[in-house]
1. So in the range 190-246, with the set limited to residues that are under 16 Å from the mean Cα position of the chain (by Cα) and under 24 Å from Ser257 (Cβ atoms), which one is surrounded by the most Cβ atoms within 10 Å (Cβ to Cβ)?
2. For the range 189-196, does any single residue satisfy the condition of being more than 19 Å from Pro294 (Cβ to Cβ) and in contact with a Lys or Arg (Cβ under 6 Å, 6 or more places away or on another chain)?
3. Which number in (1) closer than 21 Å to His27 by Cβ; (2) among the acidic types (Asp, Glu); (3) surrounded by fewer than 16 Cβ atoms within 10 Å (Cβ to Cβ) marks the one condition that Asp90 misses?
4. For the range 187-202, enumerate the residues that are of a type in the set (Val, Ile, Thr) and in a helix (DSSP H, G or I).
5. Are any residues in the range 209-245 touching a residue at least 60 places away in the same chain (Cβ under 8 Å) and part of a helix (DSSP H, G or I), and if so, which ones?
6. Check Val170, Val182 and return the single one that is at pLDDT 85 or above, in the same structural domain as Pro272 (by TED's automatic domain parsing) and either basic (Lys, Arg) or under 24 Å from the mean Cα position of the chain (by Cα) (or both).
7. With the checklist (1) under 21 Å from Gln52 (Cβ atoms); (2) in a strand (DSSP E or B) in hand, flag the one item Val106 doesn't pass.
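The values are calculated or read from the model by the stated rules, or taken from the named source; none is laboratory data. As the structure is a computational prediction, the values presented were derived from the model and not from experiment. When we count neighbours, we look across all protein chains shown, and the Cβ atoms used for this are built from the backbone with ideal geometry, even at glycine.
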Amino acid sequence: MRSSVQKRPVEAPPGTIGTARVQRRTHDLLARLRPGDIAVVDHLDMDRRTAQALVDAGAVAVVDTVAIISGRYPNLGPQLLVEAGVEVVDGVGTVALGAIADGAEVRVHEGAVYVDDVEVARGRVLDAVSVADAMERARSGLATQLAALTHNSTELLRREQDLLLHGLGVPRLATPIAGRPVVVVAGDYDQDSELAGVRVFLREQGPVIVAVGAAADGLRRAGVRVDVVVLDADDELPTAASLRAARDVVVRIDRGSTPAILEQLDRLGVRPALIESAVAPADAALVVADAADPTVIVAVGLRGTLAELLDSQRPGVASAFLTRLKVGPRLVDGAAVPLLYSGRVRPWHLLVVMLAGLVALAAAISVTPVGHEWAQQWSQSLADACSDLYDQALGLFR
């Protein structure tokens, strides 16, 4: 006999549930993330580029062992995460890295992290209001960061004066650049949108394309031919197809070093030019392009403002500052190109202007006595022509 008692459905526990992906370094974790995962990281002052990568990977929550926004400066990553709807909990302590097993199902609710409904860590919940407050307080830390930037820039200029002031050590390229525009593309969170904004410029001006690192693969997938690839000795190589398609490959290495990347390129049949410097690869690309005397350098995916440079957390913030001073008036941010360049004047553009002018001229003449008389004569001629055409058509059917 069937029981008339129905079982009450079990309610799901509150909070965000997902598979934990645990890694101290966020960069190493990104490749393992899948949509619906919860990222458990140890990332102080998360930058916007990393946050965008977490959002793109489909993370539903981020649990940080340290302060995701410490107040040293207004880093941009937490705001992006919150705006994307990702739950953010920070300051749970490094004990969470051992208490949360990689691949375990965890639940995050009101700042607590649960494994099998047992609380294993607790931290601070960040929302739009708390992030805005923390960002406002962090702006007071910019003075300290500027002081550090000034000191680091002075030290870097002392070490790199031959390169940055005199252009010594810049390799010669096989790609002809003198008198041509150059577009330098570095992989960043808004590279695709900036690249879309310069499409008309690429199509009509035919600039030299310089790709920094993995941006070469992205450009190749987008159907953009890369002329020069600039690599860092410590980064992963782009695909062999991207390297072989480029006319020049430049590798930034530390002075006196022989990195393993040179042997890897040799096995691929690629003979790179070398630039020995401590500057970042994107900055080396700007220096190499500038030394070849282009008409303009358009930077796509390179950070330009002080807040963005600090947010990048790169050790090369000083080199970015100095190289932008060196390149000077040649450098144009990719985001500004759509505002400055709308494309060449086409023949049909001139035709439209000519027709508009003729219409305006005809309208002006028509209101004069002579124009009124011409209009009457033209109307009568048109009526007579239509009448004759009608009579001829009737004659065909009789």
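1. Per the stated criteria, the residue is Val210.
2. yes
3. (3)
4. Val200
5. The one that is touching a residue at least 60 places away in the same chain (Cβ under 8 Å) and part of a helix (DSSP H, G or I): Ala215.
6. Val182
7. With respect to (1) under 21 Å from Gln52 (Cβ atoms); (2) in a strand (DSSP E or B), Val106 is out only on (1).
Each row is one residue, and each column tells you yes or no for (1) at positive phi; (2) buried (at least 18 other Cβ atoms within 10 Å of the Cβ); (3) polar (S, T, N, Q); (4) more than 27 Å from the chain's Cα centre (by Cα).
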| residue | (1), (2), (3), (4) |
| --- | --- |
| Gly77 | no, yes, no, no |
| Ala112 | no, no, no, yes |
| Ser140 | no, no, yes, yes |
| Thr154 | no, no, yes, yes |
| Gln161 | no, no, yes, yes |
